[in-house]
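Beneath this line is the structure, given in structure tokens, with notes to follow.
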Amino acid sequence: MDLEIKDWIKRIQQIHLPRYHELPELSLYLDQVLEYVNESISVIFINQEESNGKILTSSMINNYVKNNIMPAPVKKRYNKDHIAFIITITILKQVSNLNDVSQGIKHLTSILGKVDAYNAFISFLENALKSIIMELEQTPDLSYFQTPVDLNLLPLKSATIAFASIMMSQYLLKKLPKGETKHD
């Protein structure tokens, strides 16, 4: 296993994404939100080099607000709720369209409340990423995938597993030797 893959595995094994209570207490301006979110979630994204390390842009946030996927900022400032929405949407839109992401967020927050819904998302995401890394290390632990969850949480669990699988797949595909393809 090459050194870059080992480094990525180590980063994922040590991952800790912010829980709701760890999000900034003070409301932030857009440029501060971009810096905070990009820094917080950059470790889990594989192809960030192609986007100059920016997973999230101001136009993405404006689009989330314009399409009523998240609430508008208050006096151009974003609070914890906004940041939780932004992190969740930015990750889940990698595996689904924005309408489905919005519907899923609304459903889950109606059942769990915004704080518990966000924290459940982060826990599922970290567990999915760590489980997928175990596959890379050839020590798969399928218990996470086989542990049943409440039916209301199953779409969220499935989406985080899909995200983790996509990230691993993109990472591994980057490592394939570049060569000519053979066609029959």
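The values are calculated or read from the model by the stated rules, or taken from the named source; none is laboratory data. Not measured: the values here are computed from a predicted model. Counting neighbours? That spans all protein chains shown, and the Cβs are built from the backbone with ideal geometry, glycine included.
Going by the structure shown, is M60 modelled with pLDDT of 95 or more and either aliphatic (A, V, I, L, M) or touching a Lys or Arg at 6+ places or on another chain (Cβ under 7 Å) (or both)? Yes, satisfied. Those helices (runs of 4 or more DSSP H) of segment 80-184 in which at least 1 residues are within 16 Å of W8 (Cβ to Cβ) and among the small types (G, A, S), considering only elements entirely within it, cover 114-136, 154-175. Each residue in segment 91-119 was checked for being buried (at least 18 other Cβ atoms within 10 Å of the Cβ) and closer than 9 Å to T160 by Cα, and 2 pass. The residues of segment 15-56 that are modelled with pLDDT under 90, part of a loop (DSSP other than H, G, I, E, B) and out of contact with any Phe, Trp or Tyr (no Cβ under 7 Å at 6 or more places or on another chain), listed by number, are F45, N47, N52, G53, K54.
When you scan segment 120-132, do you find a residue that is surrounded by fewer than 13 Cβ atoms within 10 Å (Cβ to Cβ) and over 27 Å from K6 (Cβ atoms), even just one? Walk me through it before giving the result.
Pass one, segment 120-132, residues surrounded by fewer than 13 Cβ atoms within 10 Å (Cβ to Cβ): none.
So far as segment 120-132 goes, no, none of its residues is surrounded by fewer than 13 Cβ atoms within 10 Å (Cβ to Cβ) and over 27 Å from K6 (Cβ atoms).
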